[in-house]
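Enquirer: Below is the structure I would like to discuss, written out as structure tokens.
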Amino acid sequence: MYHHVKKLMYTVRVDDPDPRFGNMLLEQFGGANGELAAAMQYSIQGLNCDDPARKDMLMDIGTEELSHLEIVGTLARMHLKPMKTDRTAAEADPLVAIAGGGGATLCNSMGNPWTADYLKITGELDVDLRSNIAAEARAKIVYERLINFCDDTGTKDALQFLMTREITHMKAFLLALESLGKPALSVGLIPPTPGLVDQYFNDSTGESDEGDTDATGPWNEGNGWERVDAPAFQELRPLEVNGNGHGTRKSRPKMERKAKTRK
Ligand code: MN
Ligand code: MN
């Protein structure tokens, strides 16, 4: 059950209301990476979760996000309020001023209404936790940008608190995922196709001034990778149907690739 405690999770102080900044803040109220999206995503994932321990965590963090929503809404309201009576302030966001009377609204900073389409809920715990780790990273960077565009000390304090909590949640989700003990590439039950799964498709050829600029790194080299150059120009059949078990898609040495791609 939910219970409203009549104080904010973090005390909010705005010394100098800025309607334009209030509009930016709405991104974290009703935007894709905002607090309502976070609260709903984790809470609904929690409702669907059969693992009691991780369900508890999802509901805890989902509930905290509701408290963040309350903080952001309070902050936004303080910044937007002058729009109700001041024409110049109203021009910062006519929708909020005219339709909403200078109140926080469940829209993003561009006035697009919040939508459940923002939510990533798959019913597969490890997949959901990965979504949540990414969601926290996005929320963190949005708060950082808001802080960078903020002139008001009190507002900055509250945003620093909210930003910090996103890293805290990221840590909790990361450790919850790790504690499931699943290998990093194990998703669901059906195994990926052997061979195919280890092929890195080099889908580009560099012919600019810098020539062949194909980059290499652990994402396409070593680690069991088979590099397949320009697969669009080769037969894209799985290795097994090639008869002899190794087709025409082996990596060529770099110089040979270069000669081939240059005319
Ligand atoms: Mn939050
Ligand atoms: Mn969070």
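The values are calculated or read from the model by the stated rules, or taken from the named source; none is laboratory data. Treat the numbers as computed from the prediction; the structure is a model and nothing was measured. So basically every Cβ, Gly included, is an ideal-geometry build from the backbone, and we count neighbours across all protein chains shown. Accessible surface is based on the protein model in full, side chains and every heavy atom, while ligands, DNA and RNA are left aside. Shrake-Rupley method; radii C 1.70, N 1.55, O 1.52, S 1.80 Å.
Enquirer: Listed residues L185, L175, L180, L196; which is touching a residue at least 40 places away in the same chain (Cβ under 8 Å) and closer than 30 Å to G34 by Cα?
Expert: Criteria check complete, one pass: L180.
Enquirer: Only one of A158, A134, A139 is within 16 Å of ligand 2 (Cβ to nearest atom), assigned to a helix (DSSP H, G or I) and farther than 29 Å from L95 by Cβ. Can you tell me which?
Expert: Result of the check over A158, A134, A139: A134.
Enquirer: Moving on to the next point. Could you identify the single residue in A99, A104 that is open to solvent by 80 Å² or more (accessible area, probe 1.4 Å) and small (G, A, S)?
Expert: Of A99, A104, the one residue that is open to solvent by 80 Å² or more (accessible area, probe 1.4 Å) and small (G, A, S) is A99.
Enquirer: Looking at (1) more than 16 Å from ligand 1 (Cβ to nearest atom); (2) open to solvent by less than 70 Å² (accessible area, probe 1.4 Å); (3) within 23 Å of K171 (Cβ to Cβ), which is the one condition that is false for P52?
Expert: Against the list (1) more than 16 Å from ligand 1 (Cβ to nearest atom); (2) open to solvent by less than 70 Å² (accessible area, probe 1.4 Å); (3) within 23 Å of K171 (Cβ to Cβ), P52 comes up short only on (2).
Enquirer: Answer with yes or no whether K7 is open to solvent by 50 Å² or more (accessible area, probe 1.4 Å), in a helix (DSSP H, G or I) and out of contact with any His (no Cβ under 6 Å at 6 or more places or on another chain).
Expert: It is false that K7 is open to solvent by 50 Å² or more (accessible area, probe 1.4 Å), in a helix (DSSP H, G or I) and out of contact with any His (no Cβ under 6 Å at 6 or more places or on another chain).
Enquirer: Please list, ordered by residue number, the helices (runs of 4 or more DSSP H) wholly in region 10-97 having 3 or more residues that are away from ligand 2 (no atom under 16 Å from the Cβ) and touching a helix residue (DSSP H, G or I) at 6+ places or on another chain (Cβ under 8 Å).
Expert: Result: 19-25, 52-80.
Enquirer: Which residue is farthest from E64 (Cα to Cα), if the candidates are limited to region 107-126 and must be open to solvent by less than 40 Å² (accessible area, probe 1.4 Å) and more than 16 Å from ligand 2 (Cβ to nearest atom)?
Expert: Across region 107-126, the extreme among qualifying residues is G111.
Enquirer: Return yes or no: is A39 of a type in the set (G, A, S), open to solvent by 20 Å² or more (accessible area, probe 1.4 Å) and farther than 18 Å from G154 by Cβ?
Expert: no
Enquirer: Still on this structure: Please pick out the residue among P191, P238 that is over 30 Å from E144 (Cα atoms) and modelled with pLDDT under 95.
Expert: Testing whether each residue is over 30 Å from E144 (Cα atoms) and modelled with pLDDT under 95 leaves just P238.
Enquirer: If I ask for residues that are crowded, with 20+ Cβ neighbours inside 10 Å and either within 10 Å of ligand 1 (Cβ to nearest atom) or of a type in the set (A, V, I, L, M) (or both), which ones from region 67-84 would you list?
Expert: Correct list: H68, L69, I71, V72, L75, A76, M78, L80, M83.
Enquirer: Take the residues in region 137-152 that are within 8 Å of the chain's Cα centre (by Cα) and in contact (Cβ under 8 Å) with a residue 40 or more places away in the chain; name whichever of them is surrounded by the fewest Cβ atoms within 10 Å (Cβ to Cβ).
Expert: Residue satisfying both the conditions and the ranking: R138.
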